[in-house]
Amino acid sequence: MSINEKDQLKLLVAGDKKVIQDLYVNQFPKIRSFVLNNNGSVSDAEDVFQKALMQLIARYRVKEFSVEGSFTGYLYVACRNLWRRDLNKQKRIVTNNEIVERDKEAEDLTMGTLEQEKWELFQEKLAELSDNCKQLLQMFFNKVPYKEIVEKLGYNSDNVVRQRIFNCKSQLTKLIKKDSRFNQIKEL
């Protein structure tokens, strides 16, 4: 991670126009592409990108944090999570011809921040697992078939893989629940 990237979050919060412009020029096209490929429009992508930036700024102002990996990767994940949440909301909304104004900007900001904190806690605890567990769970989360996991990792059968995944998920759950942040997030 370059020194410039380490400072991007602080400069974004400070309102540095060059950093904001750079993010829109270099990062927004990736977000636009993701949203367009997932049933969205350019307008949706603009909204998601702007909400993600606002969430990062608001969250940093409430409690300073640092991004351990790539800031641009962090921003991409935040945008991806926001868009997926928006898609899930759309599934639950019954539409009619009547136009209804929604004033849920503050709620959206809070929910997005909460989701990001959950994601960070999950990623942090996943990193604490053994390399074998990390590899197994990543394959499981990416919906790799059990037979393929058996072949790639040299297990004896599908049942052994299922049992190992169950054990790894249990370890991950215990690590997450032991963390003091889990109860804070859960209460919100």
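Per the Debye calculation on segment 25-73 with a single equal scatterer at every Cα and no solvent contribution, log₁₀ I(q)/I(0) for q = 0.20 Å⁻¹ amounts to -0.74. Using a simple spin-label model with pseudo-atoms 7 Å out from Cα toward Cβ, GLN50 and GLN138 lie 3.6 nm apart.
The stretch between LYS174 and GLN123 holds 17.0 nm of extra length on full extension. This uses 0.36 nm per residue minus the Cα-Cα distance.
With 24 Å as the limit on Cα-Cα distance, the pairs of LYS147/LYS169; LYS147/LYS177; LYS10/LYS89; LYS63/LYS177 that go past it are LYS147/LYS177; LYS10/LYS89. Taking 0.36 nm per residue of separation and subtracting the Cα-Cα distance, full extension of the segment from ARG84 to GLU68 would add 3.4 nm. Calculated accessible area for segment 29-86 comes out at 50 Å² per residue, all protein chains present (probe 1.4 Å; ligands, DNA, RNA ignored).
Applying 0.36 nm per residue to the separation of LYS30 and ALA14 and subtracting their alpha-carbon distance, the gain on full extension is 3.4 nm.
The values are calculated or read from the model by the stated rules, or taken from the named source; none is laboratory data. As the structure is a computational prediction, the values presented were derived from the model and not from experiment. Cβ atoms come from the backbone with ideal geometry, glycine included; neighbour counts cover every protein chain shown. Just so you know, the surface numbers come from the protein's heavy atoms only, side chains and all, with ligands and any DNA or RNA stripped out. Shrake-Rupley method; radii C 1.70, N 1.55, O 1.52, S 1.80 Å.
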